[in-house]
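Working notes, structure below.
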Amino acid sequence: MGPRKGAAMSGTHGRPSLASYRDEVAELMNAGDHFGEVEDALDDVADLTTDEKAALWLFAFSLRDSSEQQRDARAHLAALQPGLDTEMTEKPARRAWRCHTGHPERAGRGQRISLFANQTGSRRSS
């Protein structure tokens, strides 16, 4: 990805494993490289699939400070719909977390899809 890692990202010695890319992403983020630079470096790696790049991007994003993550996510939401109140109340945030963790039993029956029921006009049963 960057000039600090010769063979791991250059592809001159065969295709590096996804784990080696993951380790380099962690090293770059922990060294204080800007997220945008890591993102650009991932885009430039020709031998990664789109899914691999997406997974590594998400991994790099997860290594950022949580306040930066939220600030950027809220800015993207607001850019899509000016005037959108991007502050979450405690109850939807808690419900979203439960759904995100993959524990629908914690979220309660039907709540995983109820977040989107108002948008689609329909609601499936769980």
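Quick note: the coordinates plus some simple rules give every number you see, no bench work behind them. Bear in mind that the values here come from a model prediction, so they are computed numbers and not experimental data.
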HN-Hα J couplings of the range 50-66 from phi, Karplus 6.51/-1.76/1.60, θ = phi - 60°, integer Hz, Gly and Pro as x?
4, 5, 5, 4, 5, 5, 5, 4, 4, 4, 4, 4, 5, 7, 6, 4, 4
Give a residue-ordered list of calculated ³J(HN,Hα) values for the range 15-26 (Karplus: 6.51 cos²θ - 1.76 cosθ + 1.60, θ = phi - 60°; whole Hz; x for Gly, Pro).
7, x, 6, 4, 5, 5, 5, 4, 4, 5, 4, 4
Note, the range 27-34: 3J(HN,Hα) by Karplus (6.51, -1.76, 1.60, θ = phi - 60°), whole Hz, Gly/Pro = x, goes 4, 5, 5, 5, 7, x, 4, 5
